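**Q** I have a structure I would like to understand better, so I am pasting it below and will then ask my questions one at a time.
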């Protein structure tokens, strides 16, 4: 029983160490449950009204920029719970809640506005259909990409370069192969996250596997 209490206490302490991440994740849980109780027709129209497409941005930019980050269009919450714990929680614990939130907001807002502006130009030039102004565009992936990118500075060289190669494989390759405006937004988010380097200053030494192993050896060494 004592071990169970200690385990629960450790989980509670971890959740409290990244409050923004887990409050956001809790909101996503409830909105995902709500989506599962909607009819397909209602869900499609509801999400479009909360989407950061060109039409909604021209009518209610602040509202949709906020609300679009509170829904998951895939309807699958558990994968995001894992991703938030793996990336968002680590970034928030490292940067602090306010700096982490600044990275999230910059990536989500700027990548959305720039990618939708590019789409609007494509529509005006005849390279995209007029119906694209009402394209469904919700979700948390731009903020996630930005946070994944800023975590580059948490990792010491040469491991940092392997992590950058991982980001390129995840985000740049789809842009080259599929060339959608969402893929363009993801790459923008990564670049915005990398541009948030000033927010990482003074947040401690970069992590490396060697340093982690050395700390373990020191902890386990007899005294």
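**Q** Can I get the semi-axes of region 8-82's equivalent ellipsoid? Compute them from the C-alpha gyration tensor as square roots of 5 times the eigenvalues, in angstrom, largest first.
**A** Computed over region 8-82, the values are 28, 16, 8 Å.
**Q** Further, regarding this structure: Based on the Cβ-Cβ distance of residue 113 and residue 197, what FRET efficiency does E = 1/(1 + (r/R0)^6) give at R0 = 30 Å, to the nearest 0.05?
**A** Details: r = 21 Å, r/R0 = 0.71.
After rounding, the FRET efficiency stands at 0.90.
**Q** Now for a different question. Take 22, 161 and order them by how many other Cβ atoms sit within 10 Å, fewest up front.
**A** With the sparsest Cβ surroundings first, the list reads 161, 22.
**Q** Right, another one. Using only Cα atoms, find the angle between the long axis of helix 141-150 and the longest principal axis of the chain, and express it within 0 to 90 degrees, rounded to the nearest 10.
**A** The angle comes out at about 40 degrees.
**Q** Hey, fewest Cβ within 10 Å first, where do 14, 84 land in order?
**A** 14, 84
**Q** Need one number for the chain: average projected area of the convex hull over its C-alpha atoms, nm².
**A** If you wrap the Cα atoms of the chain in a convex hull and average its projections, you get 15.9 nm².
**Q** Could you compute the FRET efficiency for residue 59 and residue 121, with r as their C-beta to C-beta distance and R0 at 22 Å, rounded to 0.05?
**A** 0.70
**Q** Next up: For the chain, what is the calculated [θ] at 222 nm in deg cm²/dmol (nearest 500), taking -39500 (n - 2.57) for each run of four or more DSSP H residues and dividing by its residue count? Don't skip to the end; give the middle numbers.
**A** On the way: 13 runs with 149 residues, N = 223.
Mean residue ellipticity at 222 nm (helix-derived): -20500 deg cm²/dmol.
**Q** Taking springs between alpha-carbon atoms closer than 10 angstrom, which of 108, 55, 36 fluctuates most in the Gaussian network model of the chain?
**A** The residue that fluctuates most here is 36.
**Q** Output the 0 to 90 degree angle, nearest 10, between the alpha-carbon long axis of helix 209-220 and the longest principal axis computed from the alpha carbons of the chain.
**A** Roughly 40 degrees between the two axes.
**Q** Report the far tail of the P(r) of region 50-180, meaning the percent of Cα-Cα pairs longer than 25 Å.
**A** Details: 2736 of 8515 pairs.
Of the Cα pairs, 32 percent sit more than 25 Å apart.
**Q** Moving to a separate point now. Please give the contour-minus-distance gain from residue 42 to residue 3: 0.36 nm per residue of separation, less the Cα-Cα distance, rounded to one decimal in nm.
**A** Result for the pair: 9.4 nm of gain on full extension.
**Q** Relative to the longest principal Cα axis of the chain, at what angle does helix 97-124 sit, 0 to 90 degrees, rounded to 10?
**A** 30 degrees
**Q** Turning to a different aspect of this structure: Along Cα→Cβ, 7 Å out, is where each label goes; now give me the distance between the ones at residue 206 and residue 156 in nm to one decimal.
**A** According to this spin-label approximation, the distance is 1.0 nm.
The numbers here are math on the coordinates, done by the rules we state, and not lab data. None of the values given here were measured: they were computed from a predicted structure. Counting neighbours? That spans all protein chains shown, and the Cβs are built from the backbone with ideal geometry, glycine included.
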